[in-house]
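Each remark here refers to the structure printed beneath this line.
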Amino acid sequence: MDGLIDITQLGVTLTPLPSFATDGGEVRRILRNNEETYSGFGEVYMTTITKGVVRGWKRHTKYSCNLVPILGAVQFIFANLTTGQITRAIELSTKNYARLFIPSGIWFVFRGINEDNYILNILNQIHSSDEVERKNIEDSSLKINWDAEVYSARVHSSV
């Protein structure tokens, strides 16, 4: 993988989600309580990110996230800061409709691709700002290559 680690080595999963056409539009599944990445419900919130803005490095120390695109496109990169290895970018978008599961303890950055980008975040616990650890992206020794081949749920799926 060109020196990059696979997301599965970190416990991160990308699950393609079904969409169903209806007479008036579309129904898009997000999460069911019998799915492997469901670990309880604490809170749901929406994150917006402007085109070109990068947020991170950050990690949640206690809870896991299930992220689903609502509008636009957002790319994520994950890291093992101990070994200095990162993953290739993973894109969530309404065209690449999938759910991204991030277990606790995983460092990540993300950036907005379109003008308007909205990601739904389903947490297994109620959000607490003192539970999140952050590192300044400029202070990081990790070299982020947003232009490397982007990992897509539709390409890497058996669904």
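The values are calculated or read from the model by the stated rules, or taken from the named source; none is laboratory data. Not measured: the values here are computed from a predicted model. No Cβ is skipped: glycine too gets one built from the backbone with ideal geometry, and neighbour counts run over all protein chains shown.
Selection of segment 83-100 for residues being within 16 Å of LYS58 (Cα to Cα), surrounded by fewer than 22 Cβ atoms within 10 Å (Cβ to Cβ) and of a type outside the set (S, T, N, Q) yields only GLY84. May I ask you to list the residues in segment 88-141 that are in contact with a helix residue (DSSP H, G or I) (Cβ under 7 Å, 6 or more places away or on another chain) and within 14 Å of THR47 (Cα to Cα)? Result: VAL109, single match.
For segment 40-63, a residue qualifies if it is touching a Lys or Arg at 6+ places or on another chain (Cβ under 8 Å), touching a residue at least 60 places away in the same chain (Cβ under 8 Å) and not in a strand (DSSP E or B), and the qualifying residues are ILE49, GLY52.
Against the numbered list (1) closer than 15 Å to THR15 by Cα; (2) free of Cβ contacts under 8 Å to residues at least 12 places away in the same chain; (3) polar (S, T, N, Q), THR94 comes up short only at (2). Residues that are at pLDDT 70 or above and either assigned to a loop (DSSP other than H, G, I, E, B) or within 26 Å of ALA98 (Cβ to Cβ) (or both) within segment 134-157 comprise ARG134, LYS135, ASN136, ILE137, SER141, LEU142, LYS143, ILE144, ASN145, TRP146, ASP147, VAL150, listed in sequence order.
Within segment 62-82, the set of residues being surrounded by fewer than 20 Cβ atoms within 10 Å (Cβ to Cβ) and either in contact with a His (Cβ under 7 Å, 6 or more places away or on another chain) or at pLDDT below 90 (or both) comprises ASN80, LEU81, THR82. I'd like to check something: does segment 22-38 contain any residue that is over 17 Å from the mean Cα position of the chain (by Cα), more than 21 Å from TYR118 (Cβ to Cβ) and in a strand (DSSP E or B)? Yes, segment 22-38 has at least one match.
Within the group ARG59, ARG111, ARG32, which residue is basic (Lys, Arg) and either exposed (fewer than 14 other Cβ atoms within 10 Å of the Cβ) or modelled with pLDDT under 90 (or both)? Don't jump to the end; show me each part of the working.
Numbers: ARG59 fails: either exposed (fewer than 14 other Cβ atoms within 10 Å of the Cβ) or modelled with pLDDT under 90 (or both); ARG111 fails: either exposed (fewer than 14 other Cβ atoms within 10 Å of the Cβ) or modelled with pLDDT under 90 (or both).
Selected residue: ARG32, the only one of ARG59, ARG111, ARG32 that is basic (Lys, Arg) and either exposed (fewer than 14 other Cβ atoms within 10 Å of the Cβ) or modelled with pLDDT under 90 (or both).
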